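Q: Structure incoming, see below.
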Amino acid sequence: MEKKELIYEGKAKMVFATDEPGQVIHEFKDDATAFDGKKRGTIAGKGRTNAQMSDIIFRYLEKKGVHTHHIRLLSDTEIVTWWLEMLKVELIVRNYAAGSLAKRLGYAERTQMKSPVVEFYYKSDELGDPMLSRQHIRELGLASDEQLDEMAAIALRVNDILTPYFEARGLVLADFKLEFGLREGRIYLGDEFSPDICRLWDAGTGEIMDKDRFRQDLGRVEETYAEVLRRVKEEETGLRISIYVSPKKGVLDPAGQAALGALKSLGFGEVSDVQIGKYIILRLEGIESEKVGERVEEMCERLLANPIIEDYRIDVEE
Ligand SMILES: Nc1ncnc2c1ncn2[C@@H]1O[C@H](COP(=O)(O)OP(=O)(O)OP(=O)(O)O)[C@@H](O)[C@H]1O
Ligand SMILES: [Mg+2]
């Protein structure tokens with residue numbers, strides 16, 4: 001793939017044309033800005049972290065059925081995506097109060113929302129990215145009501161997918177910002193997913209693991225970005241579960257009895273009993289290990305086995 005002219009340079013990325021129709025390269029920079037560009041600096045290695053993290057997260061979202069602009073990682077600091085006609089509305093999903101939302105609602109920092117809150121913002125540097133209502137968006141003609149509904153639904157779906165994903169990596173996803181765009185008339189999730197655009201807190205210590213370390217001069221900024229990437233790169237913490245279901249002792253097992261009779265008539269006189277059950281394999285993802293036993297037992301009780309006439313045994317493999 002050939003990297004062609006620079007189409008756009010933002011604060012965090014440069015977007016280049018390519019020789020592939022409809023495809024662009026995003027080069028992630030180490031530059032960091034905060035408070036509408038009033039605070040500036042660099043975070044060594046941030047470009048690498050954000051490109052690689054975006055690659056991993058967007059691939060994961062695609063696997064879960066979310067349509068994103070992502071095509072592939074090109075180098076340590078570059079990704080290839082579809083070019084989107086970006087919509088000028090940004091969506092923020094909040095699971096916990098932090099920053100401007102804590103102030104706006106008068107909540108203490110880190111208050112958990114009763115349910116995830118979706119907000120719309122105007123992507124406008126001149127105006128300082130103000131928050132918008134649906135009526136404002138209609139007035140400005142930034143997106144149709146249907147497009148807004150679709151973006152909000154995708155944003156909540158992304159939240160449902162990524163909250164357990166980060167939880168499995170010891171991180172609380174407090175909030176995040178998404179940008180969307182159009183390609184062939186359809187809405188795609190665009191831009192990036194990195195510690196620049198979300199708030200992540202260490203699940204054990206509560207330590208801030210995102211761009212707030214830069215905003216608030218908390219130190220160890222480079223190390224924190226690298227640590228988040230390390231956790232995201234960890235192998236999927238998927239669990240393989242084997243379930244053996246067999247008829248309870250003393251319960252009539254017609255299939256077993258039929259097999260016993262047939263085996264004997266074939267000359268296998270040494271067989272004294274046959275029980276026929278089933279063997280089920282499940283894969284689980286994004287579940288806390290303490291909850292696995294209880295959840296799988298519930299699956300057996302409610303669907304996979306008939307607890308009145310069947311016994312089951314659950315084996316968990318890492
Ligand atoms: N698939 C895509 N196609 C076209 N443009 C995209 C795509 N994904 C993201 N963009 C846009 O590319 C730019 C990325 O640059 P960057 O993140 O540095 O911008 P920014 O400085 O944060 O924001 P701004 O848009 O205000 O400059 C953003 O304007 C973003 O909306
Ligand atoms: Mg940006």
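The values are calculated or read from the model by the stated rules, or taken from the named source; none is laboratory data. Please read these numbers as outputs of a predicted model, since none were measured by experiment. Because the Cβ atoms are built from the backbone with ideal geometry, glycine has one as well, and the counts that use them run over all protein chains shown. We work out accessible area using only protein heavy atoms, side chains counted, and drop any ligands, DNA or RNA first. Shrake-Rupley method; radii C 1.70, N 1.55, O 1.52, S 1.80 Å.
Q: Any residue in region 2-19 that is open to solvent by less than 10 Å² (accessible area, probe 1.4 Å) and either within 12 Å of ligand 1 (Cβ to nearest atom) or touching a Gly at 6+ places or on another chain (Cβ under 9 Å) (or both)?
A: Within region 2-19, not a single residue is open to solvent by less than 10 Å² (accessible area, probe 1.4 Å) and either within 12 Å of ligand 1 (Cβ to nearest atom) or touching a Gly at 6+ places or on another chain (Cβ under 9 Å) (or both).
Q: Under 8 Å by Cβ, and 6 or more places apart or on different chains, what pairs join a residue from region 298-312 that is surrounded by fewer than 17 Cβ atoms within 10 Å (Cβ to Cβ) with one that is in a helix (DSSP H, G or I)?
A: Short answer, once both residue conditions are applied: 307/300; 307/301.
Q: Same structure, new question: For the condition closer than 25 Å to residue 159 by Cβ, of a type in the set (Val, Ile, Thr) and outside any loop (DSSP other than H, G, I, E, B), what is the one hit in 71, 7?
A: Result: 71 is the single residue among 71, 7 that is closer than 25 Å to residue 159 by Cβ, of a type in the set (Val, Ile, Thr) and outside any loop (DSSP other than H, G, I, E, B).
Q: With 146, 90 as the choices, which residue is acidic (Asp, Glu), open to solvent by 10 Å² or more (accessible area, probe 1.4 Å) and within 26 Å of residue 225 (Cα to Cα)?
A: Of 146, 90, the one residue that is acidic (Asp, Glu), open to solvent by 10 Å² or more (accessible area, probe 1.4 Å) and within 26 Å of residue 225 (Cα to Cα) is 90.
Q: Failed condition for residue 117, given (1) in a strand (DSSP E or B); (2) farther than 17 Å from residue 176 by Cα; (3) of a type in the set (A, V, I, L, M), with all others met?
A: Residue 117 satisfies all of (1) in a strand (DSSP E or B); (2) farther than 17 Å from residue 176 by Cα; (3) of a type in the set (A, V, I, L, M) except (2).
Q: Which of (1) farther than 24 Å from residue 231 by Cβ; (2) under 26 Å from the mean Cα position of the chain (by Cα) is the odd one out, the single condition residue 8 does not satisfy?
A: That leaves (2) as the condition not met.
Q: Among the residues of region 189-213, count how many are of a type in the set (Phe, Trp, Tyr) and either buried (at least 22 other Cβ atoms within 10 Å of the Cβ) or within 16 Å of ligand 2 (Cβ to nearest atom) (or both).
A: Total meeting the criteria: 1.
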